[in-house]
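Asker: Questions regarding the structure given below will be posed in turn.
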Amino acid sequence: MMEFWNTILFELGGKPVLLIDLLSALFGLTTVFLAGRNNKYNFYVGYMYTALLFFMFWQKHLYANLILQPISLGINILGQYRWSHPKKGEESAQKSGELKVSMLNWSQRGMVVGAVLVLALVWGWFMSMMGTRWFVGYFPANPLPYLDCCVTVLILTAQLLSAMKKWDCWIAWLFVNIANLTLYLKAGLVFMPIVSCLYLVNGVWSLFSWYRLYRRNA
């Protein structure tokens with residue numbers, strides 16, 4: 001079974017692209033593409049995407065990323081419910097029974113930024129200890145613990161804001177995509193930077209698309 005998922009499909013820049021890598025990229029791009037177009041079916045694709053990531057991280061022994069997938073699954077379930085069960089005053093003017101796009105106010109944005117920084121610092125410190133002072137020999141030391149944790153917290157934040165259909169989620173996704181693109185290029189990867197560029201293009205488009213939806217309901 002492992003050999004099937006690790007089948008090398010092709011090479012880019014001398015780097016092999018595995019079946020699990022390609023499928024994860026396709027499902028990931030599909031779910032954000034649908035979300036950017038205000039399509040509620042993005043959550044169904046998201047379930048498959050989460051399952052693929054869980055399996056991929058499991059076989060690559062990336063346990064820190066693996067344990068985040070149940071959290072992502074929970075956020076996905078919350079998002080599907082919120083998008084289809086708006087409260088009074090939250091219903092879209094264009095689609096009856098669906099949640100409308102809204103925005104955080106500046107006070108809420110400040111709280112979100114503060115929470116991201118605090119969580120990233122605490123988590124980064126914890127991860128910096130793993131493999132260097134704690135459990136030495138059992139966990140590989142992370143060379144960029146604070147950056148990695150900041151990106152991870154931003155991903156969860158973007159997912160949560162998207163679940164609440166907040167326009168601001170696309171700002172968070174832009175920061176995530178730019179950070180990931182930088183990391184992949186520094187690592188000498190070829191396939192993932194291409195995927196990140198596609199995420200970035202979709203993020204910019206969705207930023208303006210959701211703003212138009214917001215204005216229609218304002």
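Asker: Yes or no: MET48 part of a helix (DSSP H, G or I) and modelled with pLDDT of 90 or more?
Answerer: yes
Condition check ((1) more than 11 Å from the chain's Cα centre (by Cα); (2) within 21 Å of PHE10 (Cβ to Cβ); (3) surrounded by 19 or more Cβ atoms within 10 Å (Cβ to Cβ); (4) not aliphatic (A, V, I, L, M)) across all residues:
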| site | (1), (2), (3), (4) |
| --- | --- |
| SER162 | no, no, yes, yes |
| LYS165 | yes, no, yes, yes |
| ASP168 | yes, no, yes, yes |
| ALA172 | no, no, yes, no |
| ILE178 | yes, no, no, no |
| TYR184 | yes, yes, no, yes |
| LEU189 | yes, yes, no, no |
| MET192 | yes, yes, yes, no |
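Asker: Further, regarding this structure: Restricting to region 18-59, give me the number of residues that are surrounded by 18 or more Cβ atoms within 10 Å (Cβ to Cβ) and in contact (Cβ under 8 Å) with a residue 60 or more places away in the chain.
Answerer: 7
Asker: Which of the residues belonging to region 71-93 are part of a loop (DSSP other than H, G, I, E, B), touching a residue at least 24 places away in the same chain (Cβ under 8 Å) and surrounded by 12 or more Cβ atoms within 10 Å (Cβ to Cβ)? Walk me through how you get there before you give the answer.
Answerer: Step one: filter region 71-93 for residues part of a loop (DSSP other than H, G, I, E, B), giving 85-90, 92-93.
After this cut, where a residue has to be touching a residue at least 24 places away in the same chain (Cβ under 8 Å) as well, the list is 92-93.
Once the filter is applied, which keeps residues that are part of a loop (DSSP other than H, G, I, E, B), touching a residue at least 24 places away in the same chain (Cβ under 8 Å) and surrounded by 12 or more Cβ atoms within 10 Å (Cβ to Cβ), region 71-93 yields only SER92.
Asker: Got a number for residues in region 80-118 being in contact with a Ser or Thr (Cβ under 9 Å, 6 or more places away or on another chain) and of a type outside the set (Gly, Ala, Ser)?
Answerer: We begin by selecting, within region 80-118, every residue in contact with a Ser or Thr (Cβ under 9 Å, 6 or more places away or on another chain); these are 86, 90, 97-101, 112, 115-116.
Restricting the remaining residues to those that are of a type outside the set (Gly, Ala, Ser) gives 86, 90, 98-101, 112, 116.
Number of matching residues: 8.
Asker: Now a separate question. Determine which member of the set VAL122, VAL113 is over 19 Å from the mean Cα position of the chain (by Cα) and among the hydrophobic types (A, V, I, L, M, F, W, C). It would help to see each step written out before you state the result.
Answerer: Working: VAL113 fails: over 19 Å from the mean Cα position of the chain (by Cα).
Matching residue, one of VAL122, VAL113: VAL122.
Asker: Of all residues being over 15 Å from ASN42 (Cα atoms) and surrounded by 12 or more Cβ atoms within 10 Å (Cβ to Cβ) in region 95-110, which is modelled with the lowest pLDDT? Just the residue, please.
Answerer: Top of the filtered list is LYS95.
The values are calculated or read from the model by the stated rules, or taken from the named source; none is laboratory data. This one's a predicted model, so the numbers in the text were calculated from it and none came from an experiment. No Cβ is skipped: glycine too gets one built from the backbone with ideal geometry, and neighbour counts run over all protein chains shown.
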